[in-house]
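Inspection log for the structure reproduced underneath, given as structure tokens.
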Amino acid sequence: MNKPCCLLINPWIYDFAAHDFWAKPLGLLYIAAWLRKNNWKIYMIDCLNPHHPQMPFEPQVRSATRKHNGTGKFFRQIIPKPSFLSHVPRNYYRYGLTYRLFLKELSRIPKPDVILVTSGMTYWYPGVFAVINICKKMWPDVPVILGGIYATVCYEHAVEYSKADFVIKGPAEITLPSILEKMSYPKLECFSDSLYPAFDLLLPLDYVCILTSRGCPFHCAYCASNLLFPTFYQRSPEDVIKEILFWHQKFNIKEFAFYDDALLVNPEQHAIPLFKMLAERKMNANFHTPNGLHARFITSQIAKLMYQAGVRTVRLGLETASFKRYDQKLTREEFTQAVYYLLEAGFSPKQIGAYILIGLPEQNISEIEETITFVQKLGIIPRLAEYSPIPGTRLFKKAILNSEYDLINEPLTHNNSLLPCASKTFSFEVLNRLKRKIWHTSCI
């Protein structure tokens, strides 16, 4: 009996800005590994591949330069803005492969039995739709299954407009088996934590993303973590170490990004033994925490272990230094203490960044400026993160009330470049002024 064949696609990003800050379709890669273990033939197309050998020769494409830590730019082409976004004074891009090369990649693949497409931010759905439309034209009778972030938090929109045959809401390992059984494919074995995501489908690799836990025990009003992974659980530190060593020894990976939303929770059972084991092995590898760490859990011991383990990029989730917070996970004093411990452990100020949420409903400019000043006085780098309203989060109702846009029916309005919920005094000019101020002081 021939193996069933599945094509997995990581689609384009259509946006004003997108950067590869250790960004890989981790969920899709886990599904690829799971299907492969269940005797499926797997093909994958990564529309965001920064190493496609023919892309540098495509016309009107801006380059995908890379940094030593694995991050960098995606290939990108200027494309017309959707009419809805025409007032934004910035270029709009398709990030990733050209249409021509995507079609060429499709033509190399035998007709699949099933196509799985993932999705990222809600306002990136035009790239998802474009991929699905092309696949439908090439193979009209092949079912397309859509999953990912957009499919989960904008489920009704995806069902109505995406043209996917099936839309998965939430973790795919829960719903995908029943969908495939309806198509008369053999029942899948249960998803296992022992699976490693199929990063070998994306060679060559600049880095590998590591997930030591799923979900988050906190329920911050602006965050979608609990919508994507309703329960929080952590892998054993021993299993995580085995995976890191696998990628390091077999594929010579030297850059690793922890993808956890709550890496430091339950530190005695999780982070402390994990960092101890990494430090003991003295690996020639660097570790990064782009999703943000909970500063409340950073003790002197943890800071020292992180440094000894090879953590080189520390991002802290501050959100705001104001007493008016949309979460209860942190105080100013706890944040200040965490920064002190990190600096004392040996991290340089430039290695430590604090995420500051801007454009929140009812947030004023003075609050943002106060938070930036607070961070700069600690000697570390403020990292502005424009707020994107997410359906299903507790803050979404307030976002609707504070936005001039139709946040309910049009996911393009969630684009953080619009500052969709910011006060009218918070303009693009004000944002650029704040960014210039941060850049200037960071270079001094």
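The values are calculated or read from the model by the stated rules, or taken from the named source; none is laboratory data. Values in this document were obtained by computation on a predicted structure and should not be read as measured data. Cβ: placed from backbone, ideal geometry, glycine included. Neighbour counts: every protein chain shown.
Can you spot a residue in segment 192-199 that is within 26 Å of Ile78 (Cα to Cα) and part of a loop (DSSP other than H, G, I, E, B)? There is no residue in segment 192-199 that is within 26 Å of Ile78 (Cα to Cα) and part of a loop (DSSP other than H, G, I, E, B). Looking only at residues of segment 79-98 that are in contact (Cβ under 8 Å) with a residue 12 or more places away in the chain and part of a helix (DSSP H, G or I), we find that the one that is surrounded by the most Cβ atoms within 10 Å (Cβ to Cβ) is Leu85. Selection within segment 116-129: residues that are in a helix (DSSP H, G or I) and touching a strand residue (DSSP E or B) at 6+ places or on another chain (Cβ under 8 Å). The member of this set that is surrounded by the fewest Cβ atoms within 10 Å (Cβ to Cβ) is Pro126.
Applying the selection to segment 411-426, what residues are out of contact with any helix residue (DSSP H, G or I) (no Cβ under 7 Å at 6 or more places or on another chain), part of a loop (DSSP other than H, G, I, E, B) and surrounded by fewer than 19 Cβ atoms within 10 Å (Cβ to Cβ)? Answer for segment 411-426, where residues must be out of contact with any helix residue (DSSP H, G or I) (no Cβ under 7 Å at 6 or more places or on another chain), part of a loop (DSSP other than H, G, I, E, B) and surrounded by fewer than 19 Cβ atoms within 10 Å (Cβ to Cβ): Ser423, Lys424. Checking the condition of a type in the set (Val, Ile, Thr), touching a helix residue (DSSP H, G or I) at 6+ places or on another chain (Cβ under 6 Å) and under 30 Å from Tyr161 (Cα atoms), which residue from Ile390, Ile408 passes? Going through Ile390, Ile408 in turn, the sole match is Ile390. Among the residues making up segment 177-207, those that are within 22 Å of the chain's Cα centre (by Cα), more than 15 Å from His51 (Cα to Cα) and aliphatic (A, V, I, L, M) are Leu195, Ala198. Quick check on my filter: what residues within segment 286-303 are part of a helix (DSSP H, G or I) and either buried (at least 18 other Cβ atoms within 10 Å of the Cβ) or under 26 Å from the mean Cα position of the chain (by Cα) (or both)? Within segment 286-303, Ala295, Arg296, Phe297, Ile302, Ala303 meet the criteria. Considering only residues that are surrounded by fewer than 17 Cβ atoms within 10 Å (Cβ to Cβ) and aliphatic (A, V, I, L, M), which ones fall in segment 244-274? Answer for segment 244-274, where residues must be surrounded by fewer than 17 Cβ atoms within 10 Å (Cβ to Cβ) and aliphatic (A, V, I, L, M): just Leu245. Only one of the listed residues (Met277, Met283) is at pLDDT below 95 and either crowded, with 20+ Cβ neighbours inside 10 Å or not in a strand (DSSP E or B) (or both). That residue is Met283.
Residues that are surrounded by fewer than 17 Cβ atoms within 10 Å (Cβ to Cβ), among the polar types (S, T, N, Q) and at pLDDT below 95 within segment 190-239 comprise Ser192, Ser194, Thr231, listed in sequence order.
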